[in-house]
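Working notes for the structure below.
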Ligand code: GLU
């Protein structure tokens with residue numbers, strides 16, 4: 001008998017505003033991918049950055065998810081409660097020589113796309129400094145279930161990257177890796193705008209001895225002016241009074257063959273139908289999907 005670990009997936013919104021159609025597509029894809037194999041679906045609020053986070057946005061996100069019929073397993077996980085765990089790992093990485101303090105100012109780096117390793121071997125104090133991870137001169141790669149093989153030369157294309165900002169805020173790249181491991185996430189389903197971040201996360205998993213999750217990146221939704229739908233840029237937010245229409249629309253964006261009358265059903269029925277008909281192979285292999293208007297979908301690669 002082959003025993004495989006049960007599927008554990010997640011949706012991890014940053015509470016910087018209300019959910020938009022792109023977040024709904026990510027929530028829906030991660031939910032259906034987990035529930036279609038009787039897996040767990042967890043919700044993690046990525047509230048690492050208080051200045052950017054709008055009061056009540058997290059609560060609003062959770063209520064909206066409920067209104068769309070999503071039902072998460074376990075308690076909601078809050079990154080704001082994890083500061084101590086992040087600090088322990090940062091100290092460990094510094095002590096092992098895998099990360100270092102960087103006191104370069106933004107102004108000093110303004111002409112550099114890739115960090116020029118100025119502080120790499122200077123053994124500076126971590127006080128009042130950013131912390132960077134050393135990147136090796138190696139290729140990191142993974143096979144995305146939708147986007148296919150993705151390869152990145154970390155040192156050349158990304159460079160030594162920040163895991164803690166000078167102002168004390170923990171960087172997304174570190175928190176996501178620690179929390180995916182802490183929550184036992186073995187399947188990450190999210191937007192393709194994070195494809196480029198994945199090799200950094202795989203490298204951190206390797207440094208910290210965590211297993212690598214399986215990855216699936218859905219296309220990022222952009223508006224007709226080419227802007228990514230995003231919470232912080234005030235993209236039109238979704239409301240539960242159009243839940244059925246929006247769910248069906250998101251299913252179509254995800255390439256699912258939706259029955260004509262599905263839109264007449266309440267959200268819960270739509271989700272149940274979608275769980276039993278979910279086909280991740282039908283998700284368009286595109287990095288971007290342009291949303292022209294509510295009912296016509298144009299895709300570009
Ligand atoms: N917090 C990120 C966002 O709201 C998602 C992070 C992830 O899924 O890894 O876009």
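The values are calculated or read from the model by the stated rules, or taken from the named source; none is laboratory data. Treat the numbers as computed from the prediction; the structure is a model and nothing was measured. Virtual Cβ from ideal backbone geometry, glycine too; neighbours counted across all protein chains shown.
Things to note:
- Annotation note: of 199, 213, the sole residue that is in contact with a helix residue (DSSP H, G or I) (Cβ under 9 Å, 6 or more places away or on another chain) and within 22 Å of residue 22 (Cβ to Cβ) is 213.
- Breaking point among (1) in contact (Cβ under 8 Å) with a residue 24 or more places away in the chain; (2) near the ligand (Cβ under 10 Å from one of its atoms); (3) part of a helix (DSSP H, G or I), for residue 181: (2)
- Residue 86 vs. criteria assigned to a helix (DSSP H, G or I), in contact (Cβ under 8 Å) with a residue 60 or more places away in the chain, surrounded by fewer than 22 Cβ atoms within 10 Å (Cβ to Cβ) and in contact with a strand residue (DSSP E or B) (Cβ under 6 Å, 6 or more places away or on another chain): yes
- Residue among 29, 55 that is assigned to a loop (DSSP other than H, G, I, E, B) and either within 22 Å of residue 246 (Cβ to Cβ) or at pLDDT below 95 (or both): 55
- The residue that is modelled with the highest pLDDT, counting only those in the range 1-26 that are part of a loop (DSSP other than H, G, I, E, B), under 21 Å from residue 212 (Cα atoms) and more than 12 Å from the ligand (Cβ to nearest atom), is 7.
- Selection of the range 60-80 for residues being within 16 Å of the ligand (Cβ to nearest atom) and assigned to a helix (DSSP H, G or I) yields 60, 61, 62, 64, 65, 79, 80.
- For the range 196-227, residues that are within 11 Å of the ligand (Cβ to nearest atom) and outside any strand (DSSP E or B) total 4.
- Test: residue in the range 163-172 that is within 14 Å of the ligand (Cβ to nearest atom), under 15 Å from the mean Cα position of the chain (by Cα) and buried (at least 17 other Cβ atoms within 10 Å of the Cβ): yes
Rundown of residues vs (1) part of a helix (DSSP H, G or I); (2) over 30 Å from residue 281 (Cα atoms); (3) without any contact (Cβ under 8 Å) to a residue 60 or more places away in the chain, yes/no style:
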position	(1), (2), (3)
90	yes, yes, no
104	no, yes, yes
176	yes, no, no
190	no, no, no
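- Residue count, the range 257-292 (criterion: in contact (Cβ under 8 Å) with a residue 24 or more places away in the chain, more than 22 Å from the chain's Cα centre (by Cα) and part of a loop (DSSP other than H, G, I, E, B)): 2
- Scanning the range 32-52 for residues that are free of Cβ contacts under 8 Å to residues at least 40 places away in the same chain, more than 23 Å from residue 273 (Cβ to Cβ) and in a loop (DSSP other than H, G, I, E, B) turns up just one, 47.
- Note on the range 129-156: residues that are in contact with a strand residue (DSSP E or B) (Cβ under 9 Å, 6 or more places away or on another chain) and at positive phi amount to 0.
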